[in-house]
Amino acid sequence: MGAEYRPIAFWFINHFLIEEELRRQVGEMGDKGFGGVMFHGRDGLRSDYLGREWEEALRWVVDEAEGREMSVWLYDELHFPSGPVGNALLRDFPNRSMMSLTIFREECVAPGKRVDWPLPADVSLRYALTFTLDGDVRSLDLQQGCSSFQWRNDSDLPQTLLLLRVTRERPNPAQYFPYYPDYLDAEVSKAFVDMTYKWYAERFKAHMGSTIKGVFTDNSCFNFGLIRRSVAWSPELAERFKAETGREFVDVLPRLFHRVKGFEGTRQV
């Protein structure tokens, strides 16, 4: 049976990268029937990720695999999820990590009723709006720095009052990264591609498509969803949405959180 039909070893690369040991492990996996290996940096790595030692180690692995007619697959991150480049992106974009638009507070307000909600000092609201199940939306003015949010329903119908804030999402500690990039930011996303995919392509061009078959990416996302009832957010999202759809972003916000009229189409835009 050809190597392409055999299992690929999901190979955790850690500790110091020593040529003799790396070649030995590739050989043992080949002898045990594996058709290739996936080179994946993991916990305990003592050599520099995407540095000189990493490049040298991968060359040894590619050379050994090639001699045994085995394939090599790359993993585009140190541990997972894919995106932080082993936290290297934090140096260049410290203030452009993943963000979410989350519900701070909501309530169905009866006609004539007045609300007076306290706002903690650490809460900065991004949107305040009211809506009905028929999809009628009204944006409310926000006064920054106020200690409370006050509003009275002067209409003849119940209105749902929705206050939204922007928060920064943090990956689960088990995922090892205190920083995860804003993938709705084109510049940040390009930096990830350049620092990983381009790095490999420039150094291993001769092996791409032959011994090196491809690259695996893991759990890349716009929103971890760790914050209950949240959607992905980026500072330019509202502006881009209007430019590409001709609609105000605030007008579709209720449909992202509630099953109001027209929500099916909005969630697919």
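The values are calculated or read from the model by the stated rules, or taken from the named source; none is laboratory data. Given the structure is predicted, the values throughout are model-derived calculations rather than measurements. In this analysis, Cβ positions are derived from the backbone assuming ideal geometry, glycine residues included, and neighbour counts consider all displayed protein chains. Protein only, heavy atoms only, side chains kept; ligands, DNA and RNA dropped before computing areas. Shrake-Rupley method; radii C 1.70, N 1.55, O 1.52, S 1.80 Å.
Summary of values
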quantity: Test: THR102 is among the polar types (S, T, N, Q), in contact (Cβ under 8 Å) with a residue 40 or more places away in the chain and open to solvent by less than 30 Å² (accessible area, probe 1.4 Å); calculated: yes
quantity: Odd one out for PHE216, checked against (1) over 16 Å from the mean Cα position of the chain (by Cα); (2) closer than 25 Å to PRO81 by Cβ; calculated: (1)
quantity: Residue, surrounded by the fewest Cβ atoms within 10 Å (Cβ to Cβ), within the stretch 42-92, restricted to residues that are in a loop (DSSP other than H, G, I, E, B) and of a type in the set (D, E, K, R); calculated: ARG46
quantity: Hits in the stretch 10-36 - residues which are in a strand (DSSP E or B) and either over 17 Å from LEU74 (Cα atoms) or under 26 Å from the mean Cα position of the chain (by Cα) (or both); calculated: PHE10, TRP11, PHE12, ILE13, ASN14, HIS15
quantity: The lone exception for LYS190 - which of (1) within 19 Å of the chain's Cα centre (by Cα); (2) free of Cβ contacts under 8 Å to residues at least 12 places away in the same chain; (3) closer than 20 Å to ALA128 by Cβ it fails; calculated: (3)
quantity: Candidate set from the stretch 123-163 (those that are without any contact (Cβ under 8 Å) to a residue 24 or more places away in the chain and among the charged types (D, E, K, R)); member that is nearest to MET99 (Cα to Cα); calculated: ASP141
quantity: Residue that is within 20 Å of LEU184 (Cα to Cα) and over 23 Å from the mean Cα position of the chain (by Cα), where the choices are GLY225, GLY262, GLY246; calculated: GLY246
quantity: Top-ranked residue in the stretch 124-141 [being part of a loop (DSSP other than H, G, I, E, B) and in contact with a Ser or Thr (Cβ under 9 Å, 6 or more places away or on another chain); ranked as modelled with the highest pLDDT]; calculated: LEU140
quantity: Test: residue in the stretch 112-123 that is buried (at least 18 other Cβ atoms within 10 Å of the Cβ), modelled with pLDDT of 90 or more and in a strand (DSSP E or B); calculated: no
quantity: Selection from the stretch 1-34 of residues that are touching a strand residue (DSSP E or B) at 6+ places or on another chain (Cβ under 9 Å), within 17 Å of LEU50 (Cα to Cα), among the β-branched types (Val, Ile, Thr) and open to solvent by 30 Å² or more (accessible area, probe 1.4 Å); calculated: none
quantity: Search result, residues across the stretch 141-180 that are open to solvent by less than 20 Å² (accessible area, probe 1.4 Å), over 17 Å from GLY112 (Cβ atoms), hydrophobic (A, V, I, L, M, F, W, C) and within 31 Å of the chain's Cα centre (by Cα); calculated: LEU162, LEU163, LEU164, PHE177
quantity: Neighbours by Cβ (under 9 Å, 6+ apart or cross-chain): first from the stretch 226-247, free of Cβ contacts under 8 Å to residues at least 24 places away in the same chain and small (Gly, Ala, Ser); second open to solvent by less than 100 Å² (accessible area, probe 1.4 Å) and in a loop (DSSP other than H, G, I, E, B); calculated: ALA238/GLU248
quantity: From SER220, SER230, residue being open to solvent by 30 Å² or more (accessible area, probe 1.4 Å) and of a type in the set (Gly, Ala, Ser); calculated: SER220
quantity: Hits in the stretch 196-239 - residues which are among the acidic types (Asp, Glu) and over 27 Å from SER139 (Cα atoms); calculated: GLU202, ASP218
